[in-house]
Amino acid sequence: MFLLYRGSASRKRREADMATKSGKSWVAWADTHAKNSSSVDDLEADFKTKAKAFIKALEDAGAAVKVSATRRSEKRAYLFHWSWKIALGKAKPSDATMMAGVDIEWDHGDAAKSKAAAKEMVNGFGLAVPPRSNVAPSLTSNHIAGKAIDMTITWKGTIKVKKKDGKSVDVKFVPKANSNTVLHTVGESYGVKKLKSDEPHWSHNGR
Amino acid sequence: MGAEASWCRRRASSALVATFLLASCSAYPVPLGAPQALQFGWLHGNCLAVKSPIADLPQTIYVSRDGEGGDLVEARIVSAVSADGDCQALLADRAGPNRAEGRVFYIVESLQPIDLAIAVLGKGARESLRYNQCFTSEGVNFSVSDGNRVVWEDYYYLGYDVEATCE
């Protein structure tokens, strides 16, 4: 039993030695290895078909569609979440779960050093912090599941956009997409639903 | 309107009541101190986003950090943003939507640290206004109210998923 314990402890130590300690180098790592996508092709298969059809209808009608985000990286979200929690003292380094493909050691063997290293990541990622932001960045979302798309849609005047059933609808441009309910009904006909609190955000369920 | 102004000027020649009458005449512009004289923008860190370019730099501004009008602190716009890396709102994951609607970005100097905040530009009764901010699913809604009337609002796209706090 003792030998087993010693073996397990030394294995953990070896693993920790191999892992890279948290800190700002992980920001550069994430910008290379854990990037978010803005390609519609990276969406989940069913939602991709729906989003492509909606975008085609908009572009056929003369609108310009600029996609800013589709599938967000799960690894990036993991780094956001745990760096925020550890930097702000809302979790200990030992609380952090592990993630395959992200060989990070959150524990620097000293609480202050661990927090400081996590804070470097929070700053590098540009995360909002208290007093305004009191909840950690989310580990799960429609974007991470590939079922949401952020896009800016612009046109001049009024355009005729085809709904999925082939009927054309007059859609007048208003600067705030959140209030363009006619545009929302067109998107909904394709299964692309507007979240009315976030200007660029559309998803499979409106959340 | 011209006759009204002329009547006002004649009556205002009587010394003691002049100030009161001039201020009462509708022909005169909105008095200094009205919210209409103010402009607003939002900040993340020391980077300010506004919807109209600012001609005169440096310029003093006031920053509401905690959402209440009583916490306005002085800061200074020093320059336009020259590189996206200088501005958290222009990080790769969020630059596109934040540049939309013609927003322009400036570097702000402040003696006190700023995270998310509303900036007040110009002269006016800024202390009587209410400054609000709340989180949406992937951004921040900023607004300024004068009583029950919203006088300004804008949205900051964070580009990652957070828990919404807006009602």
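Could you look through the stretch A:163-181, keep only residues that are modelled with pLDDT of 95 or more, part of a loop (DSSP other than H, G, I, E, B) and more than 13 Å from A:Gly62 (Cα to Cα), and pick out the one that is nearest to the chain's Cα centre (by Cα)?
Top of the filtered list is A:Asn180.
Scanning for something within 22 Å of A:Val40 (Cα to Cα), modelled with pLDDT under 95 and within 12 Å of another protein chain (Cβ to nearest Cβ), does the stretch A:126-137 turn up at least one residue? Before the answer, list the steps.
In the first step, residues of the stretch A:126-137 are kept if they are within 22 Å of A:Val40 (Cα to Cα); the result is none.
Scanning the stretch A:126-137 turns up no residue that is within 22 Å of A:Val40 (Cα to Cα), modelled with pLDDT under 95 and within 12 Å of another protein chain (Cβ to nearest Cβ).
Could you go through the stretch A:143-161 and let me know if any residue there is basic (Lys, Arg) and in contact with a His (Cβ under 8 Å, 6 or more places away or on another chain). Before the answer, list the steps.
Of the residues in the stretch A:143-161, the ones basic (Lys, Arg) are A:147, A:156, A:160.
After this cut, where a residue has to be in contact with a His (Cβ under 8 Å, 6 or more places away or on another chain) as well, the list is A:147.
Yes: the stretch A:143-161 contains one or more residues that are basic (Lys, Arg) and in contact with a His (Cβ under 8 Å, 6 or more places away or on another chain).
In the stretch A:56-81, what residues are touching a residue at least 60 places away in the same chain (Cβ under 8 Å), in a helix (DSSP H, G or I) and more than 19 Å from A:His204 (Cα to Cα)?
A:Asp60, A:Ala77, A:Tyr78, listed by residue number.
Considering only residues that are facing chain A (nearest Cβ under 7 Å) and over 22 Å from B:Glu101 (Cβ atoms), look in the stretch B:127-167 and name the one that is surrounded by the fewest Cβ atoms within 10 Å (Cβ to Cβ).
B:Glu163
For the stretch A:136-169, which positions are crowded, with 19+ Cβ neighbours inside 10 Å and of a type in the set (D, E, K, R)?
A:Lys147, A:Asp150
From the list B:Ile107, B:Ile114, exactly one residue is over 15 Å from the mean Cα position of the chain (by Cα), modelled with pLDDT of 95 or more and of a type in the set (Val, Ile, Thr). Which is it?
Working: B:Ile114 fails: modelled with pLDDT of 95 or more.
The conditions single out B:Ile107.
Mind checking which residues of the stretch A:175-198 are surrounded by fewer than 23 Cβ atoms within 10 Å (Cβ to Cβ) and acidic (Asp, Glu)?
Residue satisfying the conditions is A:Glu188 alone.
Quick test for you: out of B:Thr165, B:Thr136, B:Thr60, pick the one residue that is free of Cβ contacts under 8 Å to residues at least 60 places away in the same chain, touching an Asp or Glu at 6+ places or on another chain (Cβ under 7 Å), closer than 27 Å to A:Arg72 by Cβ and polar (S, T, N, Q). Talk me through it step by step, then tell me what you get.
Numbers: B:Thr165 fails: touching an Asp or Glu at 6+ places or on another chain (Cβ under 7 Å); B:Thr60 fails: closer than 27 Å to A:Arg72 by Cβ.
Result: B:Thr136 is the single residue among B:Thr165, B:Thr136, B:Thr60 that is free of Cβ contacts under 8 Å to residues at least 60 places away in the same chain, touching an Asp or Glu at 6+ places or on another chain (Cβ under 7 Å), closer than 27 Å to A:Arg72 by Cβ and polar (S, T, N, Q).
Would you check which residues across the stretch B:94-107 are more than 13 Å from chain A (Cβ to nearest Cβ) and farther than 12 Å from B:Gly41 by Cα and list them? Show your work before the answer.
Just the residues of the stretch B:94-107 that are more than 13 Å from chain A (Cβ to nearest Cβ), to begin with: B:104-107.
Selection gives B:Ile107 alone.
Kindly establish whether A:Lys160 is more than 14 Å from chain B (Cβ to nearest Cβ), modelled with pLDDT of 95 or more and either part of a loop (DSSP other than H, G, I, E, B) or touching a Pro at 6+ places or on another chain (Cβ under 6 Å) (or both). Break it down into steps so the answer makes sense when it comes.
On the way: more than 14 Å from chain B (Cβ to nearest Cβ): yes; modelled with pLDDT of 95 or more: yes; either part of a loop (DSSP other than H, G, I, E, B) or touching a Pro at 6+ places or on another chain (Cβ under 6 Å) (or both): no.
So A:Lys160 does not fit the description; no.
Among the residues of the stretch B:108-126, which ones are assigned to a strand (DSSP E or B), surrounded by 19 or more Cβ atoms within 10 Å (Cβ to Cβ) and more than 12 Å from every other protein chain (Cβ to nearest Cβ)?
Taking the stretch B:108-126 as the starting set, the residues that turn out to be assigned to a strand (DSSP E or B) are B:108-109, B:116-121, B:124.
Adding the requirement that they be surrounded by 19 or more Cβ atoms within 10 Å (Cβ to Cβ) leaves B:108, B:116-121, B:124.
Hits for the stretch B:108-126 are B:Val108, B:Ala119, B:Val120, B:Leu121, B:Gly124.
The values are calculated or read from the model by the stated rules, or taken from the named source; none is laboratory data. Since the structure is predicted, the reported quantities are computational estimates derived from the model, not experimental observations. For neighbour counting, all protein chains shown are included, and Cβ atoms are generated from backbone atoms with ideal geometry for every residue, glycine included.
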